[in-house]
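The values are calculated or read from the model by the stated rules, or taken from the named source; none is laboratory data. Please read these numbers as outputs of a predicted model, since none were measured by experiment. Note that each Cβ is placed from the backbone with ideal geometry, even for glycine, and that neighbours are counted across all protein chains shown. Each accessible area value is taken on the protein alone, full model and side chains, heavy atoms only, with ligands, DNA and RNA left out. Shrake-Rupley method; radii C 1.70, N 1.55, O 1.52, S 1.80 Å.
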Amino acid sequence: MAECRSFQPRADKNSRVLILGSMPGVKSLELQEYYAHPQNRFWKVMGKLCSEPSLVEFSYEKRIEILLNNGFALWDVIKFCKREGSLDSDITDEKPNDIKGLLKSYPKIKTVFLNGNKAYGSFKKYFPKLLEEYKCVKCPSTSPANARYRLDDLVEEWQNGL
């Protein structure tokens, strides 16, 4: 089993919506970039939500800048785990990030988007009180493993959470 560690959060004083994934996949860990797998639809969804349809064409740092400028913050529920490959179903020995601490540091965040079932399940397991204290939205995963959702359906579901 490979040991996986999440990245540092990307947030600033203007963040209003925290987007939480489960744990970066192999490609993301390799490149040290959130949602780096070319078939993951996260950046396409966020491009629509940020009214920036060409978001996927920008550099990674520019994408992060656009997210922050639109009030979004980005992190993962899981800080550490063991996993072979990128599937959430293969995660074992997980330890959570300090989501409570992050939310305390960024008091404008009032909404939490959970990107997929694993992010939601882990958040619910480790932070049940936060489900009551914040508007928490379980969003369909942008992962290529979630092929049953078309891009337009993903955008609509995520948009409805705002």
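Brief remarks on what is shown
- Solvent exposure of E157, expressed as accessible area, is near 90 Å², computed with a probe of 1.4 Å over the protein chains only.
- Near the amide H of A73, within less than 5 Å, lie the amide hydrogens of R16, V17, L18, I19, all on another chain or at least 5 residues away, with H placed in the peptide plane.
- Shape of the stretch 56-111, Cα gyration tensor, a/c cut at 1.5: oblate
- If you count Lys pairs in the stretch 80-162 whose Cα atoms are under 17 Å apart, skipping same-chain pairs closer than 8 places in sequence, the total is 24.
- The mean of 1/r over all pairs of different alpha-carbon atoms in the stretch 29-83, once inverted, gives a Kirkwood hydrodynamic radius of 12.1 Å.
- Amide H to amide H distances under 5 Å link F80 with S6, K95, where only residues 5 or more positions off or on other chains count and H is placed in the peptide plane.
- Accessible surface ranking that places the most exposed of R10, R83, R63, R16 first, with a 1.4 angstrom probe: R16, R10, R63, R83
- Residue-count net charge about S15 - beta-carbon cut-off 11 Å; Lys, Arg +1, Asp, Glu -1: +4
- Listed residues R5, R148, R41 arranged by accessible area, highest first, probe 1.4 Å: R148, R5, R41
- Remark on the stretch 1-64: hydrodynamic radius 12.9 angstrom, per the Kirkwood mean of 1/r across alpha carbon pairs.
- For the chain, diffusion coefficient by Stokes-Einstein and Kirkwood Rh (Cα), 4 °C, 1.567 mPa s, µm²/s: 83
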